[in-house]
Amino acid sequence: MAKEKESKKDEKVLDGNTPAGTFLTLTHEGKTAHLKKPDRVVVDTALGYVMPTNGRPSYIMAGEYILLNCWNGGDAEVKSEESEFFYSFCMKAFAVLEPILSGLKKN
């Protein structure tokens, strides 16, 4: 069993820099975001942004919803809209939906 310890970012980590429960780790220009696995509500809401019944899809909003609701640690500044990294991390978080979207078609 891995030994847990508290890091300087106040998150539980297992053997290094990855927090316990991390499903996906996103990195961009030295910044990191650890995401836990999205539950059904997160996936459903994010898919609602991507496949709306009317209007245009909003991939950034889907990624933002995943990023904020599946957050499991990392550099907190990437969650701020004022951050230069925010939109990059939103689009990377959107990648969680790629396996789901590959099997769906909108009629």
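Just so you know, all these numbers are worked out from the coordinates, no wet-lab data involved. Here the structure is a predicted model, which means the values were calculated and not measured. In this analysis, Cβ positions are derived from the backbone assuming ideal geometry, glycine residues included, and neighbour counts consider all displayed protein chains.
Indicate the gyration tensor shape class of region 23-107 (rounded, prolate or oblate), computed on the Cα atoms with a ≥ b ≥ c the square roots of the eigenvalues: a/c under 1.5 is rounded; otherwise a/b larger than b/c is prolate and the rest oblate.
The shape class here is prolate.
In what order do 89, 23, 94 fall by count of nearby beta-carbon atoms within 10 Å, going from fewest to most?
Lowest count first: 23, 94, 89.
Take the Cβ-Cβ distance between residue 28 and residue 54 as r, set R0 to 30 Å, and report the resulting FRET efficiency rounded to the nearest 0.05.
It comes to 0.35.
For region 35-107, calculate the relative contact order in percent as a whole number, restricting contacts to Cα pairs under 8 Å that are 6 or more residues apart.
Normalised by residue count, the contact order of region 35-107 is 32 percent.
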